[in-house]
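Step one of this worksheet: look at the structure below.
Throughout, read-outs are computed from the coordinates displayed, never taken from laboratory work. This structure is a prediction, so every number in the text was calculated from the model and none was measured.
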Amino acid sequence: MPVSPVNDEEPRFAGATVNDIMLAVVGGSMHKYLKAKKDLPEKTLKIGAPISVRDENDKDSAGNQVTMMIVGGGTHLDSAAQRLEFVMAETQRSKAMNEAIGAKTLMEISGAMPAGLTAAGTKMMAGLADRFNPPVNTVLTNVPGPNFKMYFTGAELVKSFGMGILAEGQGLFHVVTSYNGDVILTILADREILPDPEFYAECMQESFDDLMKAQPLKEAAARVRKKASAK
């Protein structure tokens, strides 16, 4: 789903990042899909968002250095505005938690573990995947791309789409990429867990449209009070 910039106005939700917006869009998509299928949980579903832990001292080192930030997608909420504000609170909480735990330190510890022990742990978790709820219900990864046109032997690249990998027990993977002023949201779905991906794509568009029309809850309440006092 390509998403073009809407306008250059001041952001209505101060402090919201691109990741917050896309997490809220995904949360709204899942809400609409599951509600239509009469399978919407009362509690929010969890979204795993890979984040970089590379700092300035590591900029010349090879390999990726990432950890998983787990946030609630606000799937239990009907309001797009309320969902975005919920997601913003979740990402701030998760960011603070990652910093407190020391994600980079944990990665270094895991890298020092014997390969046999790591393999045994991975095999054990795969065997238990069907017995316990997964830590995340879906993954949303953000891979920024170039903000200019690209060419290959004279042919212009029109659009760029990402591809994710479904882990054991996961039915849905979201990839956010950007290219030449557009943000593109791509999904990969398990046909048994999410059998209607075309309808889910419609839910994504509706979720994005709802968010573009949303107003911060405090401002909306203030307008209602002002309108009531004018009567």
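In whole Hz, what ³J(HN,Hα) sequence does segment 80-90 give by Karplus (6.51, -1.76, 1.60; θ = phi - 60°), x for Gly and Pro?
Per residue, the Karplus-derived 3J(HN,Hα) values read 5, 5, 5, 5, 5, 5, 5, 5, 4, 5, 5 Hz.
At a temperature of 4 °C and a viscosity of 1.567 mPa s, determine how fast segment 169-208 diffuses translationally according to Stokes-Einstein, using the Kirkwood radius over alpha-carbon pairs as Rh; express D in µm²/s, rounded to the nearest whole number. All intermediate terms of the calculation are to be shown ahead of the outcome.
Numbers: Rh = 11.1 Å.
After rounding, the answer is 116 µm²/s.
Quick check on my link table: of K35/K213; K43/K213; K32/K149; K38/K159, which ones sit more than 27 Å apart, alpha carbon to alpha carbon? Mind showing how you got there, number by number?
On the way: K35/K213 21 Å; K43/K213 25 Å; K32/K149 34 Å; K38/K159 35 Å.
Cα-Cα > 27 Å for K32/K149; K38/K159; rest within.
Show the residues, 5+ positions off or on another chain, whose built amide H is closer than 5 Å to the amide H of I184.
Residues meeting the criterion, in which the H sits 1.01 Å from N, are V3, T177, S178, Y179.
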